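Only one structure is covered here, and it is reproduced in the block below.
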Amino acid sequence: MKPFPLALASLLISTPLAAEIQPADVMASWQRFYGAFGTEILIGNTEIDGNITRYNNVLTQSSMGGAEIRQRIDWINMQENADGSISITFPESFSGTSFVELPDGKTTSVSTTYTLLDLSLLARGDPDDIRFSYSTSFVIMNQSQQSPAGDMDMQMVLSGLQGETRSSFGTDDLAQQTGSQTYESASLTVDSEKTNRLNLQAGAGEMRYQAVLPINGSSQTPTSLPENLVLEFDMQTGDLALDFTQGKPGSEGVFTYSQNSATIDFSLNEGTFSYGFTLNDATMELRNSAEGAPNFSAGFASVMLGLSFPYQQSEIPAPFSVSTRITDFTLGEDLWAKFDPESQLGPAPASFGFSISGELKMLVDIFAGPSLGNIRKTPAELRSISLDALNLEFDGLGVTGRGGVTFDNAGTDPASGLPEPTGVLEFSANGALALLDKIGRLGVLDPMVIIGAKGAFGMFATPDSEPDSFSTRIEFSNGGVVVNGQTIR
């Protein structure tokens, strides 16, 4: 889902507990925290009537990645309560605009309206440690985009949103905000003038986040991410259903997707970027009404992806890792029948996964503004890589792998021009010959291809004690490659 703009986040994603605070403390807290992100919160004028402070013509403005973003709220009321808390209210709806200057000189503009129904927002704490609690029946975001590529309208709705957030400021010039929120359901609809339509419906979900960054008393947009920046986010969702339609009546393509649950996590912490997700019990289908257009359906029990790598320039190599896993992937019966009309293989589920890790020396700060245009150049040197795990399972076939290789960046391989590797990779396979026989009976490959594949096992693999079982050991050293004791080069 598209994240809320900072103006809405500053009002909703902020939550505290007990002590004496004034309305001015709440407003100052928002200005200090979001100022560190390069977002200014400006006030037209302030009116005080007894225990109510009213801020009129509140404007937020920021510049991010070439986009100018401005949002305006007619007023914000803050009422001081007898227990030391502050009740905060503002109009049921407010709007914002953003402008992006394209490389060809043209402009994309986006107009957004936010509607909050039955909002309850309460602040407690002290000026340097404010906790907010909030709830709202619905958050509705309507967005209209005009661009040279075409116009687009979008609506996002969250129902039953509630949560808490804590904003604190330490003596080390760091601002910290932590929060959690839940929602009962979510929906997203997108329509474009090119007859593309997207609908998404999701069940209950939960989100948590943390942000720590230097204040520096500046509202200027940073050109690079500070070294001590911490941004962490994780999310759990329930059932989800999506359909996407493209084309005109009579020649439409419809893609549908559904899943039982999912998790997502993201972090920037101590110079490391991490991202991961898991999708469970998913199915997908593509149906085209145009004659000759492809159709397919598929599903899987789970898909997992996780990655972590350094993003700041450094003379010292730092660890990275990538892992992924797909379990019980199956193709739909119609599509499978095209490959296997006589059920030689059967619609057996397939599972595949691997995990690698190693060290990278970063040559650029990839999140620094000037460096973004240089990503086409080599952003890092690979110092070592380890195949921690490799697994493939399909219709009796089982493949595993493991090993590690280091690279000498002072010397290069004459053949490839890459740093010279040193290390060992080991692989094993079970059931490969039986699967090749089945594939041969399908008639989709030339028999010589099957014979060649079997011959490759004799050249590059060693039979193990069990039938139809092979292993391979690949050694890299002194610029050479040895496979099962035989020098390849």
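The values are calculated or read from the model by the stated rules, or taken from the named source; none is laboratory data. Computed from a predicted structure; not experimentally measured. Every residue, glycine among them, receives a Cβ derived from its backbone with ideal geometry; neighbour counts consider all protein chains shown. The protein model used for the area step is the full one, side chains on, heavy atoms only, and it has no ligands, DNA or RNA in it. Shrake-Rupley method; radii C 1.70, N 1.55, O 1.52, S 1.80 Å.
Search region 389-434 for residues being of a type in the set (D, E, K, R) and open to solvent by less than 50 Å² (accessible area, probe 1.4 Å), and hand back the single one that is modelled with the highest pLDDT. Break it down into steps so the answer makes sense when it comes.
Looking only at region 389-434, we keep the residues that are of a type in the set (D, E, K, R), and these are 393, 395, 402, 408, 413, 420, 426.
Of the ones still in play, those that are also open to solvent by less than 50 Å² (accessible area, probe 1.4 Å) are 395, 413.
Working: D395: 86, D413: 63.
In this case the residue turns out to be D395.
Against the condition among the hydroxyl-bearing types (S, T, Y), touching a residue at least 40 places away in the same chain (Cβ under 8 Å) and surrounded by 18 or more Cβ atoms within 10 Å (Cβ to Cβ), how does T136 come out, does it pass? Don't jump to the end; show me each part of the working.
On the way: among the hydroxyl-bearing types (S, T, Y): yes; touching a residue at least 40 places away in the same chain (Cβ under 8 Å): yes; surrounded by 18 or more Cβ atoms within 10 Å (Cβ to Cβ): yes.
Yes; evaluated as a whole, the condition is true for this residue.
Name the residues in region 158-180 that are buried (at least 17 other Cβ atoms within 10 Å of the Cβ) and of a type in the set (V, I, T), would you?
T165, T178
List pairs: first residue in region 172-187 and over 18 Å from I130 (Cβ atoms), second residue open to solvent by 20 Å² or more (accessible area, probe 1.4 Å) and among the acidic types (D, E) anywhere in the structure, Cβ distance under 9 angstrom, at least six positions apart or on different chains.
T182/E206; Y183/E206
So which residues in region 447-461 are more than 42 Å from the chain's Cα centre (by Cα) and outside any helix (DSSP H, G or I), if there are any at all?
To start, the set of residues in region 447-461 that are more than 42 Å from the chain's Cα centre (by Cα) comprises 447-448, 451, 455, 458-459.
Result: no residue meets the conditions.
Name the single residue, out of those in region 24-52 being in contact (Cβ under 8 Å) with a residue 12 or more places away in the chain and over 36 Å from the mean Cα position of the chain (by Cα), that is surrounded by the fewest Cβ atoms within 10 Å (Cβ to Cβ).
Only one residue tops the list, namely N45.
For Y114, all conditions in the list (1) modelled with pLDDT of 90 or more; (2) loosely packed, with under 15 Cβ neighbours inside 10 Å; (3) within 30 Å of G150 (Cα to Cα) hold save one; what is the number of the exception?
(2) is the only condition that Y114 fails.
Which residue out of F296, F277 is surrounded by fewer than 17 Cβ atoms within 10 Å (Cβ to Cβ), modelled with pLDDT of 95 or more and among the hydrophobic types (A, V, I, L, M, F, W, C)? Write out each step before concluding.
Values: F296 fails: modelled with pLDDT of 95 or more.
The conditions single out F277.
When you go through S351, S371 one by one, which is the residue that is hydroxyl-bearing (S, T, Y) and either surrounded by fewer than 16 Cβ atoms within 10 Å (Cβ to Cβ) or at pLDDT 80 or above (or both)? I'd like the intermediate steps shown before the answer.
On the way: S371 fails: either surrounded by fewer than 16 Cβ atoms within 10 Å (Cβ to Cβ) or at pLDDT 80 or above (or both).
So the residue among S351, S371 that is hydroxyl-bearing (S, T, Y) and either surrounded by fewer than 16 Cβ atoms within 10 Å (Cβ to Cβ) or at pLDDT 80 or above (or both) is S351.
Give just the number: which of (1) among the charged types (D, E, K, R); (2) over 21 Å from G403 (Cα atoms); (3) over 41 Å from the mean Cα position of the chain (by Cα) does D464 not satisfy?
Unmet for D464, out of (1) among the charged types (D, E, K, R); (2) over 21 Å from G403 (Cα atoms); (3) over 41 Å from the mean Cα position of the chain (by Cα): (2).
Working carefully through the options G253, G247, find the one that is surrounded by 15 or more Cβ atoms within 10 Å (Cβ to Cβ) and at pLDDT 85 or above.
Details: G247 fails: at pLDDT 85 or above.
Exactly one of G253, G247 is surrounded by 15 or more Cβ atoms within 10 Å (Cβ to Cβ) and at pLDDT 85 or above, namely G253.
Can you tell me how many residues in region 39-82 are of a type in the set (S, T, Y) and modelled with pLDDT of 95 or more?
Filtering region 39-82 for residues of a type in the set (S, T, Y) gives 39, 46, 53, 55, 60, 62-63.
Then drop every residue that is not modelled with pLDDT of 95 or more, which leaves 46, 53, 55.
The number of residues fulfilling the criteria is 3.
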